[in-house]
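Shown next, in structure tokens, is the structure this report addresses.
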Amino acid sequence: MAKLHSYYVLCPLIDRNSFLGVSEDSDQDNCIVSLGRNVINKYRLSDQKQISGWTSKDHLTSPVIFDKDQESYVGVFNKNSIKIWKEDSDNLDKIKKYKFSVNILKILPRQGSSLIIFENGNCASLSYALENRKTFENQQLIKDTEKIVSVTSYSAKKSDYVCYIIQHKKNYEILCCPLRDELGDMDKSKINRVKVARDEAYVVGKLISTKVKPCVYFLWNDGKITAYELAERSWRTVGTVPWISTSNNVSIAWMGKDHLILFGSNQEQDGALLVAYNIVLGVGSCKYPMKMYSEDAQIYTFNNYIILEASNHVGMLPFALETNRNLSSLLGSHDVVQDNSTNISDWDTPVEPVFEVTNEIKEFIASGMTERSICAQIINPLLENQDFRPIYRNIKQFNDIPESVLLSVMNYVLKLLSKESLHLSDDEAFDNFCNCKDMAKKDELVHKGKFELLNYLLQIQFSDAVFIPYLRSAMSLDNALFLMRYISYLLLDSNKTFDSVYESKLFDWCTLLMDAFYQQYLLTKDETVSHVLDTMHKTIVNLVNQLMIVDDTLPLLHQVLTGKQKEDNQECLSYAIELMDI
């Protein structure tokens, strides 16, 4: 599930027609913006501040990139020349110019030497092309009537590849070819060209994605997204994009964690939309309205930021991707469209579930009930018994648990713990209670089993918006305070080890309990409430201080790893006092 935050203006746009693009810098928190034919600026994404920039009398013709191999910035000027400069360069007009006899389309950054893409379709590694620019092959790879609209490089099976999307009028082709080592040019005997076509449909958006799996995505005017797997050389239908109009061109970028971000005109009213689309589930995860639509706007994603070319500025939109969320929050975002592709049925497919479930659950599955409904039917009757073990055993079989059932089981477990005589303000007594001290062996095992069920409940996924009303109406303030105190204990005082996902869920629970009971916290002048909130505050401050210590230690570790000596930070005094024996 994707979440889009507030929109910011990164920088004004000098001229949209001359805007070249945005690329990643050496520091992932920065980006390089080629604003026009003569202006290059570096911006820090976290605070939208310009940290450096360059100007040139020669005209830039493609976005400036950072080459990791030479640790320098590389730009294409007048389509046939390349300049390479360092961070501290202040005058690009004095930088040496490498001139080619072939027009250059753009330069692609990659892990090794960057890749030069020529307008005729050929390519070469930056280091090889600079050394052999005077004798470089000028053989035409694409026709004069064809145009390269998108290109990128990627690695697969220990080999490097280059992939083009080529346009001829309204028709498109995918060209993919392996690269030869060091030279970076194509092994033309292995070129693969694939035509992109559908009956009575045309392309309105395209993207070559190589972040996770090399794949080319196409959005069609009927809203359907198809993908061409570069490794398998096969097509598949991803789904249908909701909310966004496909009568105009749509810009697409890869967000990460199975999500695409699309920018296009609003289907329902004027303006534009940013739509986050989950390619695995085939649903729209969220949308963000924009005031104005820009045809063929360039869109990028860097370090959890969306960078968008608008009509008169370059904007940025922070986002977060969460994979461990209930699917109920995505209901209503999926449009079912008939796919005319032929499916071959396997009549020998067994009717029994392929996973292990109890006989009771099998009966509900056979009747066609949803998992949430089955969970409510199974768990709620078990809450009438004092034995918590059947509840623990059955609830572990479900992934999608209704929020009402989760809260009922939570209240049930808190009641079984018999915490009425426990004073939350007594830290030592609370720790002994959680550690099951001063108990008989049999009682200790039962008590630990109850805490195991409670710990399992805290990691179950839920929808915040759905869960808060249940908490306010069905959970008591005493139970909420106990949970807050217990979470503080887990985060700081317990010896338990848990992963980052479980830790994140504990913080979600803290936020949820604060939101649901904030009025009671403000109006109740009870020492227990103050103590629990103060304990949680100290826990958070302690964790933040630990992060600050790590943040301060990282530069020192970097100096140790790189072999640099630590600078002497001894303060220089403006004067000195000496004591002399007379």
Leading residue by the ranking (nearest to Lys158 (Cα to Cα)) among those in region 88-118 that are among the charged types (D, E, K, R) and within 29 Å of the chain's Cα centre (by Cα):
Arg110
Tell me which strands (runs of 3 or more DSSP E) are completely within region 1-87 and hold 1 or more residues being touching a Ser or Thr at 6+ places or on another chain (Cβ under 9 Å), modelled with pLDDT of 90 or more and surrounded by 16 or more Cβ atoms within 10 Å (Cβ to Cβ), or say none if there are none.
21-24, 30-34, 39-44, 49-55, 65-67, 72-77, 81-85
Answer yes if at least one residue in region 131-138 is in contact with a strand residue (DSSP E or B) (Cβ under 9 Å, 6 or more places away or on another chain), on the phi < 0 side of the Ramachandran plot, buried (at least 18 other Cβ atoms within 10 Å of the Cβ) and in a helix (DSSP H, G or I), and no otherwise.
yes
Those residues of region 184-224 which are open to solvent by 70 Å² or more (accessible area, probe 1.4 Å) and either in contact with a Gly (Cβ under 9 Å, 6 or more places away or on another chain) or among the β-branched types (Val, Ile, Thr) (or both), in sequence order
Lys211, Val212
Looking at region 194-211, which of its residues are outside any strand (DSSP E or B) and over 20 Å from Ser251 (Cβ atoms)?
Ala197, Asp199, Glu200
Would you tally the residues in region 244-254 being open to solvent by 50 Å² or more (accessible area, probe 1.4 Å) and under 23 Å from the mean Cα position of the chain (by Cα)?
0
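Which residue, of Asp15, Asp90, is out of contact with any strand residue (DSSP E or B) (no Cβ under 9 Å at 6 or more places or on another chain) and not aliphatic (A, V, I, L, M)?
Only one candidate passes the filter, namely Asp15.
Would you pick out the residues in region 88-102 that are of a type outside the set (Lys, Arg) and open to solvent by 70 Å² or more (accessible area, probe 1.4 Å)? Write out each step before concluding.
Our first condition is that a residue be of a type outside the set (Lys, Arg); within region 88-102, this holds for 88-93, 95, 98, 100-102.
The answer is Asp88, Asp90, Ser101.
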Which count do you get for residues in region 65-93 that are among the β-branched types (Val, Ile, Thr) and farther than 21 Å from Asn120 by Cβ?
1
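Could you pull out the residue among Cys123, Cys177 that is under 19 Å from Ser234 (Cβ atoms) and in contact (Cβ under 8 Å) with a residue 12 or more places away in the chain?
Criteria check complete, one pass: Cys177.
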Being open to solvent by 30 Å² or more (accessible area, probe 1.4 Å), within 15 Å of the chain's Cα centre (by Cα) and not basic (Lys, Arg), is that true of even one residue in region 255-274?
yes
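Being open to solvent by 60 Å² or more (accessible area, probe 1.4 Å), closer than 24 Å to Leu407 by Cα and at pLDDT 85 or above: is that true of Met514 here?
In short, yes.
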I'm trying to understand the selection: among the residues of region 374-401, which are open to solvent by 80 Å² or more (accessible area, probe 1.4 Å) and assigned to a helix (DSSP H, G or I)?
Gln377, Arg389, Arg393
Just to confirm my filter: which strands (runs of 3 or more DSSP E) fall fully inside region 282-321 and include at least 3 residues that are at pLDDT below 90 and within 23 Å of Gly223 (Cβ to Cβ)?
283-290
Go through region 264-281 and report how many residues are modelled with pLDDT under 85 and hydroxyl-bearing (Ser, Thr, Tyr).
0
Selected residue (only one of Val238, Val283 is β-branched (Val, Ile, Thr) and farther than 18 Å from Ile208 by Cα)
Val283
For Asn411, work out the one condition from (1) over 22 Å from Asp534 (Cβ atoms); (2) touching a Ser or Thr at 6+ places or on another chain (Cβ under 9 Å); (3) open to solvent by 70 Å² or more (accessible area, probe 1.4 Å) it doesn't fulfil.
(3)
Subset of region 429-488 [among the hydroxyl-bearing types (Ser, Thr, Tyr), part of a helix (DSSP H, G or I) and over 15 Å from Phe388 (Cβ atoms)]:
Tyr470, Ser473, Tyr486, Ser488
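The values are calculated or read from the model by the stated rules, or taken from the named source; none is laboratory data. Remember, it's a predicted structure, so these values are computed and weren't measured experimentally. Cβ atoms come from the backbone with ideal geometry, glycine included; neighbour counts cover every protein chain shown. Note: areas computed on protein heavy atoms with side chains; ligands, DNA, RNA excluded. Shrake-Rupley method; radii C 1.70, N 1.55, O 1.52, S 1.80 Å.
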